[in-house]
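Here it is, the structure in full.
The values are calculated or read from the model by the stated rules, or taken from the named source; none is laboratory data. Note that the coordinates shown come from a computational prediction; the quantities given were computed from them, not determined experimentally. Every residue, glycine as well, gets a Cβ built from its backbone with ideal geometry; the counts of neighbours run over all protein chains shown. With ligands, DNA and RNA removed, areas are computed over all heavy atoms of the protein, side chains included. Shrake-Rupley method; radii C 1.70, N 1.55, O 1.52, S 1.80 Å.
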2 protein chains.
Amino acid sequence: MERLLRRIDDEIVSTGGKRSRSRAHIMGIFFRSGRHLTVEELTRKARVKNRNIGAATVYRTLKLLARMGYAKELDFGEGAKRYESSLTAHHDHLVCTSCGNVAEFEEPRIEKLQEKVARQHGFSPTMHRLAIYGQCRGCAPSGEKEKTG
Amino acid sequence: MERLLRRIDDEIVSTGGKRSRSRAHIMGIFFRSGRHLTVEELTRKARVKNRNIGAATVYRTLKLLARMGYAKELDFGEGAKRYESSLTAHHDHLVCTSCGNVAEFEEPRIEKLQEKVARQHGFSPTMHRLAIYGQCRGCAPSGEKEKTG
DNA sequence: CCCCAAAATGACTATGATATTCATTTTCAT
DNA sequence: ATGAAAATGAATATCATAGTCATTTTGGGG
């Protein structure tokens, strides 16, 4: 993790950038914290330790990470984008429309079929977005369990 | 088609609404026109026949149709949402990142796998969004054809 | 350690899509 | 025709995000 942060900073420096305390702090929280953060959520977390951090810097840091390939932009249609570390293996998302929780899954057969169907349409796929919406175990109305938190 | 528009109007009336010339015009264009329209595109089309139609009414009409189940909101990450008639069979989308064209496809095996994978995660799926991004036949760099328009 | 130019920051403003407000117009049952 | 409710359109508000700019931070060379 420290290694990762150092690597990113080195990469920035090697392309003419400079290190920055604020940015390091933001990146640390981003990579350490749970996935799928909103800019607003990340800003709030970052301000706990450093009251001065502005939202602009969080936007800039996240855009930078996305450009460098270390973060992915997610859009679940909530109005605001979410970001996740792109260092984990590729996966798609299960979004609970009740509690907002986001789970991840990976299904190679779906990936294969997507590739296939795209080619059948004369399409050269470069990327996809798949999100399944519904209710998680805790929120399903017919389920026997109750949400606890 | 006339039948559809009348049915929708009747449904609106039966829930306490009133008929409206502007809305009828907007709906007519929406259902007749090609799919995947932006609010701005639909407003432009609607204003050709009636210069007074305001964007607010187009937003309201589309939201209404979506609420009633006759339209679907699409978000391909372009900044503005797109809308399509929800009367056609379920399908997913192929979005060309070069020319912006949107094609549709249906792959029951993908649907099945989504259902399955969701259940494996204790999830009750109600809906999904799948968009494959890439380049269409005409825009693929390695392809032999050139874009003509 | 100091200097300074480039980069980064944060507050503020701009932007663009969408939602809301409100005065006016339209609809429609009476 | 009449009036109340609904719909409209222009203007304004809102919200996420991007851009501006004066100030601060960074880091290499003296």
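Using Cα pairs closer than 8 Å and at least 6 residues apart in sequence, work out the relative contact order for the stretch A:2-85, in percent.
Working: 78 pairs, mean separation 23.1, N = 84.
Relative contact order, the stretch A:2-85: 27 percent.
What Cys residues in chain A are without a partner cysteine, judged by a Cβ distance under 4.7 Å?
Taking the Cβ cut-off of 4.7 Å, the unpaired cysteines of chain A are A:CYS99, A:CYS139.
Placing a label point 7 Å from Cα toward Cβ, how far apart in nm is A:GLY28 from its equivalents in the other copies, listed shortest first to one decimal?
6.5
Also, quick follow-up: Counting Lys +1, Arg +1, Asp -1, Glu -1, what net charge surrounds A:GLU40 among other residues with beta carbon under 12 Å of its beta carbon? Working shown, then result.
On the way: positive: A:ARG44, A:LYS45, A:ARG47, A:LYS81, A:ARG82; negative: A:GLU41, A:GLU78.
Net of charged neighbours comes to +3.
Please name the residues of the stretch A:92-126 whose accessible area, counted over protein heavy atoms with a 1.4 angstrom probe, falls by no less than 40 Å² between the chain alone and the full protein assembly.
Those are A:LEU94, A:ARG109, A:ILE110, A:LEU113, A:GLN114, A:VAL117, A:HIS121, A:GLY122, A:PHE123, A:SER124, which lose 40 Å² or more relative to the chain on its own.
Compute a Gaussian network model of chain B, connecting alpha carbons closer than 10 Å, and tell me which residue from B:GLY69, B:GLY134, B:GLY16 fluctuates the most.
Comparing B:GLY69, B:GLY134, B:GLY16 in the GNM, the peak value goes to B:GLY16.
At 1.4 Å probe size, with the rest of the protein present, what percent of the exposed accessible area of the stretch A:1-62 is carbon and sulfur atoms?
Working: 1910 of 3990 Å².
That fraction is 48 percent.
Counting Lys and Arg as +1 and Asp and Glu as -1, what is the net charge of the other residues whose Cβ lies under 15 Å from the Cβ of B:LYS72?
Neighbour charge sum, excluding B:LYS72 itself: 0.
Using a 10 angstrom cutoff on alpha carbons, build the Gaussian network for chain B and name the most mobile of B:LEU62, B:LEU42, B:LEU130.
Checking each option, the largest mean-square fluctuation is seen for B:LEU130.
If you take every residue apart from B:VAL117 with its C-beta less than 12 Å away from the C-beta of B:VAL117, what net charge results, scoring Lys and Arg +1 and Asp and Glu -1? Could the numbers behind the result be given before it?
Values: positive: A:ARG109, B:LYS112, B:LYS116, B:ARG119; negative: A:ASP92, A:GLU104, A:GLU106, A:GLU107, A:GLU111, B:GLU111, B:GLU115.
With Lys, Arg at +1 and Asp, Glu at -1, the net is -3.
What do you get for trypsin sites (Lys or Arg not before Pro) in the stretch A:37-115 restricted to DSSP loop and a cutoff of at most 12 other Cβ within 10 Å of the site's Cβ? Working shown, then result.
Details: sites: A:ARG44, A:LYS45, A:ARG47, A:LYS49, A:ARG51, A:ARG60, A:LYS63, A:ARG67, A:LYS72, A:LYS81, A:ARG82, A:ARG109, A:LYS112; in loops: A:ARG51, A:LYS81.
Loop-located and lightly packed - A:ARG51.
Can you give the accessible area of A:HIS90, probe radius 1.4 Å, in Å² rounded to 10?
Approximately 80 Å² for this residue.
A further question follows. Between chains A and B there is a rotation axis; tell me the chain A residue with the nearest beta carbon and how many whole Å away it sits.
Of all Cβ atoms in chain A, the one nearest the axis gives A:LEU130, 2.
Which values, in whole Å and largest first, are the semi-axes of the equivalent ellipsoid of the stretch B:2-85 obtained as the square root of 5 times each eigenvalue of the Cα gyration tensor?
Working: eigenvalues 78, 47, 25 Å².
Value: 20, 15, 11 Å, ordered largest first.
If you take the accessible area of B alone plus A alone and subtract the pair, what total do you get in square angstrom, rounded to 100, with a 1.4 Å probe?
Numbers: alone 10230 and 10220 Å², together 17450 Å².
Adding both sides of the contact gives about 3000 Å².
State in Å² the accessible area per residue of the protein assembly as shown; use a 1.4 Å probe, count heavy atoms of protein chains only, and round to the nearest integer. If you can, show how the numbers build up before the last one.
Working: 17450 Å² over 298 residues.
Here the residues of the protein assembly as shown average 59 Å² of exposed surface.
Rank B:MET27, B:MET68, B:MET127 by mean-square fluctuation in a GNM of chain B with C-alpha springs under 10 angstrom and give only the top-ranked residue.
B:MET127
Which loop GluC sites (Glu not before Pro) in the stretch B:33-140, with loop taken from DSSP, have no more than 12 other Cβ atoms within 10 angstrom of their Cβ? Spell out each step's value before the answer.
On the way: sites: B:GLU40, B:GLU41, B:GLU73, B:GLU78, B:GLU84, B:GLU104, B:GLU106, B:GLU111, B:GLU115; in loops: B:GLU78, B:GLU106.
Hits after loop and neighbour filter: B:GLU78, B:GLU106.
Separate question: Could you tell me what a quarter of the Cα convex hull surface of the protein assembly as shown works out to, in nm² with one decimal place?
Working: hull surface 85.8 nm².
Projected over every direction and averaged, the Cα hull of the protein assembly as shown covers 21.5 nm².
For the stretch A:10-45 and the stretch A:75-128, what is the separation of their Cα centres, given in Å?
For the stretch A:10-45 versus the stretch A:75-128, the Cα centre distance is 24 Å.
So the label point sits 7 Å from Cα along the Cα-to-Cβ vector; using that for B:ASN101, what distances do you get to the other copies, in nanometres, sorted shortest first?
4.3
If the label for B:ASN52 sits 7 angstrom from Cα along the Cα-to-Cβ line, what are its distances to the same label in every other copy, in nm to one decimal, shortest first?
5.7
Another one. As an exercise, identify the chymotrypsin sites (Phe, Trp or Tyr not before Pro) in the stretch A:55-147 lying in DSSP coil whose Cβ has no more than 13 other Cβ atoms within 10 Å. Mind showing how you got there, number by number?
On the way: sites: A:TYR59, A:TYR70, A:PHE76, A:TYR83, A:PHE105, A:PHE123, A:TYR133; in loops: A:TYR70, A:PHE76, A:PHE123.
The qualifying sites: there are none.
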